[in-house]
Amino acid sequence: MTGFALTAPNRTIFGRGCRVTAADEIARIGTRVLLVRGRSVAWVDELAAELTHSGCCLQVVYSAGEPDLDDVRNAVAFARGHRAECIVSVGGGATVDLGKAVAGLCVSEGDVAEYLELGNASPRQLDDPLPFIAIPTTAGTGAEATRNAVIGVPEREAKISLRDPRLLPNLAIVDPSLTDRSPKGLTLASGLDAITQLIESYLCNRANPVTDALCEANIRPAMAALHGLMVSEDARARDILSRASYLSGIALANSGLGIIHGLASVIGGKGAAHGAICGRLLASGLVENAEAMKRRSMDVSRFEKVDAWLADALGSLGASGASVLRRFIDFNGLPSLSDLGIADTEFDNIATLSADASSTKANPVMLKHSEICRILRLA
Ligand SMILES: [Fe+2]
């Protein structure tokens with residue numbers, strides 16, 4: 001039997017309404033708090049007031065989209081100036097990643113770039129991170145359950161991970177009600193990110209019995225919940241998607257991903273939104289991977305299961321799940337690659353770069369350049 005290791009946030013509080021415990025939980029961890037937040041979630045003002053009331057000394061950093069090196073440098077300097085004892089992120093995946101990076105780097109002396117997986121030399125080791133509390137307000141990246149923060153490196157037009165097991169949050173507070181009434185486009189792209197993470201973790205070459213169990217139990221319900229949310233708001237569907245997102249983070253952190261996230265890391269470096277890229281590449285990634293494996297006489301039974309789950313969740317049991325998924329994303333207006341600013345002429349270069357991406361290394365089959373190009377063309 002193949003062995004495995006398992007990592008997850010030190011502690012998780014999950015449930016509709018559990019945000020009411022946040023201020024007390026945070027105050028128990030540290031009283032000099034750096035709060036990293038997006039601008040759109042009104043509840044953060046309430047949390048800030050409660051933290052102050054609980055005796056915490058608070059400073060706020062606003063996250064403006066997916067963080068790049070300078071965003072991280074500025075926020076780290078701010079956290080050090082505040083003598084922060086803990087970092088709290090409330091927001092989407094980018095906000096959680098910024099807070100996670102600040103927690104990781106606040107005590108370490110080097111520049112953020114020295115700690116990134118930039119390819120050549122091994123990255124420098126972090127000193128012990130500050131305690132980090134993640135409170136996600138979207139259901140998508142699962143960053144509240146992962147050990148990496150994705151940072152944009154503009155001079156390379158790439159997104160690179162700051163990765164360390166100690167970056168796992170000390171506490172994840174996942175309250176699905178924070179995602180209620182999120183805009184349809186954001187719900188679609190984020191939900192497809194979580195679903196892609198579950199699917200790639202399930203199919204990847206490092207899947208283990210625990211990640212299998214998480215993925216098998218959640219792929220179909222998550223797709224069905226997302227399908228329902230494209231029609232009408234539904235608290236139960238929000239709950240299912242938040243759970244799927246959180247568990248997708250645990251799954252990917254303990255197994256791996258695949259070519260879709262490998263391509264997304266390259267395309268995302270050019271500024272396109274992560275969830276939309278994953279959703280746009282999911283159907284063609286599944287089809288091309290399965291075809292490539294059949295050509296090499298490899299077992300594709302997991303692909304057949306995933307395809308059937310997708311078709312069932314989208315109300316077309318017996319049809320091709322990949323085809324139904326394509327119709328679903330087109331009908332609901334997910335941007336195309338060209339809408340995301342990616343021209344056909346860039347496919348060749350994107351395919352070359354994606355072969356070296358860390359996510360690609362867990363893909364269930366080593367794809368040829370022409371096979372990766374075909375995923376992009378079919379998308
Ligand atoms: Fe993702």
Inset, instruction - Hey, can you tell me all the residues within segment 42-65 that are crowded, with 18+ Cβ neighbours inside 10 Å and either outside any helix (DSSP H, G or I) or touching a residue at least 24 places away in the same chain (Cβ under 8 Å) (or both)? - result: Val44, Leu47, Leu51, Cys56, Leu58, Val61, Ser63
Legend entry - Matching residues in segment 286-318 - criterion: being out of contact with any Pro (no Cβ under 8 Å at 6 or more places or on another chain) and outside any helix (DSSP H, G or I): Arg296, Ser297, Asp299, Val300, Leu314, Gly315, Ser316, Leu317, Gly318
Inset, instruction - May I ask you to verify whether Ala283 is without any contact (Cβ under 8 Å) to a residue 24 or more places away in the chain, over 26 Å from Asp68 (Cα atoms) and either in a helix (DSSP H, G or I) or within 16 Å of the ligand (Cβ to nearest atom) (or both)? - result: no
Legend entry - Test: residue in segment 78-99 that is within 25 Å of Ser122 (Cα to Cα) and touching a Phe, Trp or Tyr at 6+ places or on another chain (Cβ under 8 Å): yes
Inset, instruction - Kindly provide the set of residues from segment 189-204 that are aliphatic (A, V, I, L, M) and in contact (Cβ under 8 Å) with a residue 60 or more places away in the chain, ordered by number. - result: Ala189, Leu192, Ile195, Ile199, Leu203
Inset, instruction - Could you run through segment 221-255 and say how many residues are more than 17 Å from Pro183 (Cα to Cα) and either of a type in the set (Asp, Glu) or not assigned by TED's automatic domain parsing to the domain that holds Ser316 (or both)? - result: 0
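Residues are listed down the side, and each one gets a yes or a no for (1) within 16 Å of the ligand (Cβ to nearest atom); (2) at pLDDT below 95; (3) closer than 18 Å to Gly91 by Cβ:
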| residue | (1), (2), (3) |
| --- | --- |
| Arg124 | no, yes, no |
| Arg156 | no, yes, no |
| Ile160 | yes, yes, no |
| Pro176 | no, no, yes |
Legend entry - Residue among Gly256, Gly249, Gly191 that is on the phi > 0 side of the Ramachandran plot and either of a type in the set (S, T, N, Q) or within 16 Å of the ligand (Cβ to nearest atom) (or both): Gly256
Inset, instruction - Give me the pairs, please: first residue somewhere in segment 96-122 and among the polar types (S, T, N, Q), second residue anywhere and assigned to a loop (DSSP other than H, G, I, E, B), beta-carbon distance under 7 Å, and either six or more positions apart or on two chains. - result: Ser108/Leu126; Ser108/Asp127
Legend entry - Thr95 being in contact with a Pro (Cβ under 9 Å, 6 or more places away or on another chain), in the same structural domain as Ala143 (by TED's automatic domain parsing) and assigned to a helix (DSSP H, G or I): yes
Inset, instruction - Please verify whether segment 340-358 includes one or more residues that are aliphatic (A, V, I, L, M), within 16 Å of the ligand (Cβ to nearest atom), in contact (Cβ under 8 Å) with a residue 12 or more places away in the chain and in a helix (DSSP H, G or I). - result: no
Legend entry - Residue identified as over 21 Å from Asp180 (Cβ atoms) and either surrounded by fewer than 16 Cβ atoms within 10 Å (Cβ to Cβ) or in contact with a helix residue (DSSP H, G or I) (Cβ under 7 Å, 6 or more places away or on another chain) (or both) among Thr21, Thr7: Thr7
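The values are calculated or read from the model by the stated rules, or taken from the named source; none is laboratory data. Remember, it's a predicted structure, so these values are computed and weren't measured experimentally. Quick reminder, even Gly has a Cβ in these numbers, built from the backbone with ideal geometry, and neighbours come from all protein chains shown.
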